Amino acid sequence: MLELNNLHARVVPEDGPSREILKGLSLSVPAGEVHAIMGPNGSGKSTLSYVLTGKHGYDVTSGSATFDGEDLLSLEPEVRAAKGLFLSFQYPLEIAGVPVMTFVRAAMNAQRKARGEPEVSAPEFLKLSKLAATRLRIDSDMLKRPLNVGFSGGEKKRLEIYQMLMLQPRFMILDETDSGLDIDALKVVAEGVNALRGAGHGMLVITHYQRLLDYIKPDRVHILSAGRIVKSGGPDLALELEKSGYDQFLKVD
């Protein structure tokens, strides 16, 4: 499903010199599997998510990234989204004046239009919205408020998973979805994420901590250091990190 081969990428700030962050990253996530990326601050975890989704300010200098065999890097961000790529941000954006439901329905219809599918009708949208909100214990009044404005960290994360359930992406990148969540909110969010596990979906979970992986159980765990995968293994690798830390795996130039 997702194949990365010797990927090199740099961040290009508006002011100041560019800096290489990804330095030969290779990774394969087959359909139906959940892979976790773990690593210390500055290792390139968020940069990887931004590069895959096409965020402005990040340039790929060499290597390749394919999604279902198609060159992902040649596609505009909105095309990647329409093909089923979804990013749950570490810090979700606020959009004043745009209600959550208005935003999500517009996103659904934009993706459907790009795929040549009919728009979602109002009754169908409301039915899907109620199901998703109930699963995530989101109050209906919350969906009428401007997107993320005045929301707590936990509310923002639940709203991102609500968007994911509504959009039904084929490949999900979760960038520190557990950040700022108490244990009850974490369980609710994980339940929503797990609802999209299956043969036709893939998932990349970026996290610092084992606690998220207690609820979203990965098939593989990868340790990222200095822009490269330095070790891969099964779920036990995350438990090893919990006990011993990253020092033994750190890779520096």
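Go through region 63-103 and count every residue that is among the hydrophobic types (A, V, I, L, M, F, W, C) and closer than 16 Å to THR53 by Cβ.
The qualifying residues number 13.
Residues to consider are LYS187, LYS127, LYS157; find the one that is surrounded by fewer than 20 Cβ atoms within 10 Å (Cβ to Cβ) and within 19 Å of ASP214 (Cβ to Cβ).
LYS187
Looking only at region 209-229, count every residue that is part of a loop (DSSP other than H, G, I, E, B) and within 22 Å of ALA9 (Cα to Cα) and tell me the total.
Residues flagged as part of a loop (DSSP other than H, G, I, E, B) and within 22 Å of ALA9 (Cα to Cα) within region 209-229 amount to 2.
Name, by its number, the condition in (1) crowded, with 19+ Cβ neighbours inside 10 Å; (2) out of contact with any helix residue (DSSP H, G or I) (no Cβ under 6 Å at 6 or more places or on another chain) that does not hold for TYR58.
Answer for TYR58: the failing condition is (2).
Determine, yes or no, whether MET164 is under 25 Å from ASP219 (Cβ atoms) and either surrounded by 16 or more Cβ atoms within 10 Å (Cβ to Cβ) or out of contact with any strand residue (DSSP E or B) (no Cβ under 7 Å at 6 or more places or on another chain) (or both).
The answer is yes for MET164.
So in region 2-37, with the set limited to residues that are outside any strand (DSSP E or B) and modelled with pLDDT of 90 or more, which one is surrounded by the fewest Cβ atoms within 10 Å (Cβ to Cβ)?
Applying the first criterion (outside any strand (DSSP E or B)) to region 2-37 yields 12-18, 30-33.
So of that shortlist, the ones also modelled with pLDDT of 90 or more come out as 30-33.
Working: PRO30: 12, ALA31: 14, GLY32: 14, GLU33: 18.
Applying the filter and picking the extreme gives PRO30.
Taking region 32-67 only, how many residues are more than 27 Å from ARG211 (Cβ to Cβ) and touching a residue at least 40 places away in the same chain (Cβ under 8 Å)?
Of the residues in that region, 11 qualify.
Against the condition part of a loop (DSSP other than H, G, I, E, B) and in contact (Cβ under 8 Å) with a residue 40 or more places away in the chain, how does GLY192 come out, does it pass? Talk me through it step by step, then tell me what you get.
Details: part of a loop (DSSP other than H, G, I, E, B): no; in contact (Cβ under 8 Å) with a residue 40 or more places away in the chain: yes.
For GLY192, the condition - part of a loop (DSSP other than H, G, I, E, B) and in contact (Cβ under 8 Å) with a residue 40 or more places away in the chain - is not met.
Among (1) touching a residue at least 40 places away in the same chain (Cβ under 8 Å); (2) in a helix (DSSP H, G or I), there is one condition LEU165 misses while meeting the rest; what is its number?
(1)
Surrounded by fewer than 19 Cβ atoms within 10 Å (Cβ to Cβ) and under 19 Å from LEU87 (Cα atoms): is that true of GLU242 in this structure?
Against the criterion (surrounded by fewer than 19 Cβ atoms within 10 Å (Cβ to Cβ) and under 19 Å from LEU87 (Cα atoms)), GLU242 does not qualify.
Counting only residues that are hydrophobic (A, V, I, L, M, F, W, C) and not in a strand (DSSP E or B), which one in region 143-162 is nearest to ILE37 (Cα to Cα)? Walk me through it before giving the result.
Of the residues in region 143-162, the ones hydrophobic (A, V, I, L, M, F, W, C) are 143, 147, 149, 151, 159, 161.
From what's left, not in a strand (DSSP E or B): 143, 149, 151, 159, 161.
On the way: LEU143: 31, VAL149: 29, PHE151: 27, LEU159: 23, ILE161: 19 Å.
For region 143-162, the residue satisfying everything is ILE161.
The values are calculated or read from the model by the stated rules, or taken from the named source; none is laboratory data. All values derive from a computational prediction rather than experimental measurement. With ideal geometry, Cβ positions are generated from the backbone for all residues, glycine too; neighbour counts draw on all protein chains shown.
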